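Enquirer: Could you have a look at this structure, given as structure tokens, before my questions?
Read the figures in this text as sums done on the coordinates, not as results from a lab. This is a predicted model, so every value here is computed, not measured. A quick note on method: Cβ atoms are made from the backbone with ideal geometry, for glycine too, and the neighbour counts reach across all protein chains shown.
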Amino acid sequence: ILNVEQSPQSLHVQEGDSTNFTCSFPSSNFYALHWYRWETAKSPEALFVMTLNGDEKKKGRISATLNTKEGYSYLYIKGSQPEDSATYLCARLFGNEKLTFGTGTRLTIIP
Amino acid sequence: DTAVSQTPKYLVTQMGNDKSIKCEQNLGHDTMYWYKQDSKKFLKIMFSYNNKELIINETVPNRFSPKSPDKAHLNLHINSLELGDSAVYFCASRLNRDRVHEQFFGPGTRLTVL
């Protein structure tokens, strides 16, 4: 079974605070890990695609790290803003074709 | 300009009917996908086409048939609709099969079967 798991399922964070959440995935035959941001009533938008063990990617206040040997990735948001409220999905690429998504972490920023 | 578009956005139909959802991408991508968002908000891959060739066909009832007339279009036809087919269906595309490329998603089609 090719499970991608995310924790926590949901998170409430005070505006201005920093936060992080986790994506766990099978580490064998790793190709790539994707992070997507999914706002309500919109479609998922790509944040990062990570391929190498130790990869760190950054986009503004959001960054991500990757550990392919132990099978996890962290997404960090620094100084949360209300517009960061969304569901954050990770997805592992299996066999270079199939993206298997986690169930997401729903982030709510409290003003 | 919309990069990945789907029509219709909403589809309400009776059980037993046959319906189609259309997807078009103007990004020049080679690979297109159909995903189903289930009742638990989980995105699951259904099909993938690369340059009009079927490359992923998950365990989906054969009432679902994808059709790719060209690499910019991937349509989903569903025969004999059932209540359990109610879901949001997302189309997506990717530049090619290179692992570093992200997928671009359409806005989704909410299908309701009555």
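Enquirer: Give me the dipole magnitude in Debye, nearest 20, for chain A about the Cα centre, with unit charges on the beta carbon: positive for Lys and Arg, negative for Asp and Glu.
Expert: 160
Enquirer: Now, a different point. Can you tally the lysine pairs in chain A where the Cα-Cα distance is under 18 Å and the two residues are eight or more apart, or on different chains?
Expert: Pairs that pass both the separation and distance tests number 4.
Enquirer: While we're here: Kirkwood Rh over Cα pairs of segment B:58-105 into Stokes-Einstein at 25 °C, 0.890 mPa s: D in µm²/s?
Expert: 191
Enquirer: Report, to one decimal in Å, the Kirkwood hydrodynamic radius for chain B based on all distinct Cα pairs.
Expert: 14.0
Enquirer: Taking the Cα atoms of the protein assembly as shown, what is the range of coordinates along each of the three principal axes, in descending order and whole Å?
Expert: 50, 37, 37
Enquirer: Cα-based count: Lys pairs in chain B below 23 Å, eight or more positions apart or different chains?
Expert: Final tally of qualifying lysine pairs is 29.
Enquirer: Where both residues lie in chain A, what percent of DSSP beta bridges are antiparallel, nearest 5?
Expert: Antiparallel bridges: around 90 percent, rounded to the nearest 5.
Enquirer: What distance in nm lies between label points placed 7 Å from Cα along the C-beta direction at residue A:51 and residue B:18?
Expert: For the pair residue A:51/residue B:18, the computed spacing is 4.2 nm.
Enquirer: Going through segment B:1-89, which trypsin sites (Lys or Arg not before Pro) have at most 16 other Cβ atoms within 10 Å and a DSSP loop state?
Expert: Loop-located and lightly packed - B:9, B:40, B:41, B:52, B:63.
Enquirer: A follow-up question, please. Under a point-charge model restricted to the Cβ atoms of Lys and Arg (+1) and Asp and Glu (-1), what is the dipole moment magnitude of the protein assembly as shown relative to its Cα centre, in debye to the nearest 20?
Expert: Once rounded to the nearest 20, the dipole reads 140 debye.
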